[in-house]
Amino acid sequence: MNVAYAYPWDIVGDPSAPSRLAELGVEAVAVAASYHSTRAATPYHPAHRVLDVPYSAFYLPVRSASWGRLTPASPTWTPTDSFLQARDALKAAGLKVHAWTVLTHNSYLGGMHPDLVVRNAFDDPYPYALCPAFEDVIDYCERLVKEILTVGEPDGLILEACGPMGFGHQSVHEKTVGADWTPVHADLLTLCFCTACAARYPQGMRERVRAAIDGPSAKAVTASAPTSQAISPEPSSPATVEDALGPLAEDVRNVRVDLSASLRSRLITVARDTAPNVPITLHANPDPWAASSFATLPTGEPGADVLVGNCWGDSASDAARLSKLSELCHPGQRVGAYVLALPPRPADGEALAEQLRTYAKAGATEFHLYHAGLASPRRLAAMAEALRLTS
């Protein structure tokens, strides 16, 4: 099954949207039921061309009795039941509708509840990242899944950010590149030291992470320079997270993996209890240090139906990730490729088809196309052509 991703506002208020999406040649549309803040182009909509989405929102009616300490916000830029309206319009066009559910990535709730967010080794909070080490966060995610399945009645459930988010985040006017942190430093800045996480780590962990990020000579270099010439030294560059953490690495890795596994297990249980026949798709990454929208899944997950890997990088790295997910699959499970069809990728159907062929050889049996609402007419045509050429 091939899936096109879209926002509810791409469909609600645009009578031509369902047929346009059906003409892509996909069998299903993943419609955001819970999604973070964004600024989105709407190149087809009769009423607007750019939509500002200032906070994370829930696109079904918010029934107060269904929520606990954490209650999601309703949108003001699209109807509060826009998922339901989009679902009905798409199903009338013969398409299945999957509920695209973003879990711990929520700046609205993080801002309202700063005690529940990820914090790095320097105690800097990441307001966009709810930490699943807290029972209140897990409870919110369980209620979110149950409410979407009960009220939204989708044909499929897609779980994104099913684990802790990390340092990497396209924040408003992001200004972090000048620090010259390496990917390893970014992984270290991803490790959470909130009140629920810190006690789970081995003793001395926070100090070791801080030293690996700053480098042993940081204070000395800065102190030795005249005040008018003081500069920040380049941080040391451990080759891997394991190098940086040394003998603590295995314990820390297990803590991180267990956070995602525990959340995933509880949500799958809720989903199966609520809607036993609705297939579950996980946005997943086999890297044990992964912390993003594609949560770590280094040992597989037998409770899911589809494992989808991110394919936004170079084809070789993407294919290697898909191959690893294929190896982790249990009987009956499928692997999907989350394919970027937006810039910097060209609007070229044959080039996109070649990528899809590479991903298919790596084990992908379905393609998840990002993003049918943001893509220009040329890019939509390229998606349709690529699916035809690889069918």
Subject >> Only Lys, Arg (+1) and Asp, Glu (-1) charged, at Cβ; region 52-188 dipole about Cα centre in debye >> reply: 380 debye
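Which whole-number percent gives the relative contact order of region 10-80, counting Cα pairs below 8 Å spaced six or more residues apart?
Over region 10-80, the number comes to 26 percent.
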Original post:
So what is the orientation-averaged projected area of region 271-391, using the convex hull of its C-alpha atoms, in nm²?
Top reply: 8.1 nm²
Original post:
Label-point separation (nm) for Ser171 and Ser317, each offset 7 Å from Cα along Cα-to-Cβ?
Top reply: 2.3 nm
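How big is the dipole moment of the chain about its Cα centre under a simple scheme where the beta carbon of each Lys and Arg is +1, that of each Asp and Glu is -1, and everything else is neutral? Debye, nearest 20, please.
Value, rounded to 20: 320 debye.
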Original post:
What 222 nm value per residue comes from the helices of the chain, counting each DSSP H run with n ≥ 4 as -39,500 (n - 2.57) and dividing by all residues, nearest 500 deg cm²/dmol?
Top reply: -10500 deg cm²/dmol
Original post:
Roughly what would the spin-label model give for Arg39 and Glu350, points 7 Å off Cα along C-beta, in nm?
Top reply: 3.7 nm
Subject >> Under 11 Å, Cβ to Cβ, from Ala32 - net charge with Lys/Arg +1 and Asp/Glu -1 >> reply: -2
Original post:
Which ³J(HN,Hα) values in Hz, rounded to whole numbers, follow from the phi angles of region 107-117 under the Karplus curve 6.51 cos²θ - 1.76 cosθ + 1.60, where θ = phi - 60° and Gly and Pro get x?
Top reply: 6, 5, 5, x, x, 6, 9, x, 6, 10, 9
**OP:** Hey, can you grab everything whose amide H is under 5 Å from the amide H of Asn106? Only 5+ residues off in sequence or another chain; H modelled, so Pro and N-termini drop out.
**Re:** Ala129, Leu130
Original post:
Which of the helices in the chain, when you take each full DSSP H run, stretch at least 24 Å along the axis at their Cα atoms and have an average Kyte-Doolittle score of -0.5 or higher?
Top reply: 249-274
**OP:** Could you state, as a whole-number percent, how many of the C-alpha pairs of region 63-199 are farther apart than 21 Å?
**Re:** 50 percent
**OP:** Could you work out how far the C-alpha centroid of region 343-391 sits from that of region 52-82, in angstrom?
**Re:** 32 Å
Subject >> Positive-pole candidate from Ser323, Thr76, Leu374, dipole of the chain, charges at beta carbon >> reply: Thr76
**OP:** For region 289-295, take each phi angle, set θ = phi - 60°, evaluate the Karplus expression 6.51 cos²θ - 1.76 cosθ + 1.60, and give the result in whole Hz per residue in order, putting x for glycine and proline.
**Re:** 9, 5, 8, 6, 4, 9, 6
Original post:
Can you work out ³J(HN,Hα) from phi for every residue in region 175-182, in order, using Karplus 6.51 cos²θ - 1.76 cosθ + 1.60 and θ = phi - 60°, giving whole Hz and x for Gly and Pro?
Top reply: 9, 10, 5, x, 6, 6, 6, 7
Original post:
Over the C-alpha atoms of region 237-295, what are the Rg and the largest Cα-to-Cα span, Dmax, in Å?
Top reply: 15.1, 48
**OP:** Could you work out which residue, out of Thr101, Thr76, Thr182, moves most in a Gaussian network model of the chain, that is, has the largest mean-square fluctuation with Cα springs under 10 Å?
**Re:** Thr76
**OP:** Please list the non-local residues whose amide H lies under 5 Å from the amide H of Gly300, H modeled 1.01 Å from N, same-chain partners needing a gap of 5 or more.
**Re:** none
**OP:** Quick one: give the max-minus-min coordinate of the C-alpha atoms of the chain along each principal axis, largest first, in Å.
**Re:** 68, 50, 48
Original post:
What is the diffusion coefficient of region 1-141 in µm²/s, taking the Kirkwood radius over Cα pairs and the Stokes-Einstein relation at 25 °C with a viscosity of 0.890 mPa s?
Top reply: 152 µm²/s
Original post:
What residues qualify as long-range amide H neighbours of Arg334, i.e. H under 5 Å apart, gap of 5 or more or another chain, H built at 1.01 Å from N?
Top reply: Val306, Leu307
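Every number in this text was worked out from the coordinates using simple rules, so none of it is lab data. Treat the numbers as computed from the prediction; the structure is a model and nothing was measured. All Cβ positions, glycine included, derive from the backbone under ideal geometry; neighbour counts span all protein chains shown.
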